[in-house]
1. Considering the stretch 57-82 alone, what residues qualify as being surrounded by 11 or more Cβ atoms within 10 Å (Cβ to Cβ) and not small (Gly, Ala, Ser)?
2. Restricting attention to the stretch 33-65, which residues are hydrophobic (A, V, I, L, M, F, W, C) and in contact with a Ser or Thr (Cβ under 9 Å, 6 or more places away or on another chain)?
3. Return the residue satisfying two criteria in turn: it lies in the stretch 31-56 and is open to solvent by less than 100 Å² (accessible area, probe 1.4 Å) and part of a helix (DSSP H, G or I), and of such residues it is farthest from Leu21 (Cα to Cα).
4. What are the residue pairs meeting all of these: first residue in the stretch 100-119, first residue under 30 Å from Glu89 (Cα atoms) and exposed (fewer than 10 other Cβ atoms within 10 Å of the Cβ), second residue among the small types (Gly, Ala, Ser) and modelled with pLDDT of 80 or more, Cβ atoms under 7 Å, and 6 or more apart or on different chains?
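The values are calculated or read from the model by the stated rules, or taken from the named source; none is laboratory data. All of these numbers come straight from a predicted model, not from anything done at the bench. When we count neighbours, we look across all protein chains shown, and the Cβ atoms used for this are built from the backbone with ideal geometry, even at glycine. Protein only, heavy atoms only, side chains kept; ligands, DNA and RNA dropped before computing areas. Shrake-Rupley method; radii C 1.70, N 1.55, O 1.52, S 1.80 Å.
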Amino acid sequence: MASAIANSTKLALTRPSNERLMALKQLQCSIFSTTFNPTSARTGAKYLKGRLRGDAMVNYYPPNISISKINKMYPELELEDEEELQRLEDLAARKARGKGPPPKAKSKEESRRATKKKR
């Protein structure tokens with residue numbers, strides 16, 4: 001009688017095979033709607049499950065309001081954007097000294113790339 005009890009406990013305590021454990025894990029994942037990842041590869045699921053943060057980040061800072069935007073919204077105010085006027089003056093001064101942007105090529109032959117390729 002004692003040997004029969006010992007044999008039955010031995011059967012109950014044996015470890016299931018890896019195939020059965022894998023099948024159980026796959027069934028568990030299908031029941032609880034989780035991803036089956038037997039190789040434990042990094043998937044980024046933690047970040048994909050989280051809430052999107054884009055709207056919160058965009059709304060963190062107040063909108064940029066500039067004189068030019070106010071002028072577009074209310075043209076009757078006729079406000080002068082001093083920063084823009086200063087920028088235009090600086091551009092004119094640079095251009096007078098020959099430091100402005102190069103003239104735009106009107107055809108392919110006038111471009112600098114075409115002259116470099118010919119050499």
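1. Ile67, Lys69, Ile70, Asn71, Leu79, Asp81
2. Result: Phe36, Ala45.
3. Selected residue: Ala56.
4. From residues that are under 30 Å from Glu89 (Cα atoms) and exposed (fewer than 10 other Cβ atoms within 10 Å of the Cβ), there are no pairs.
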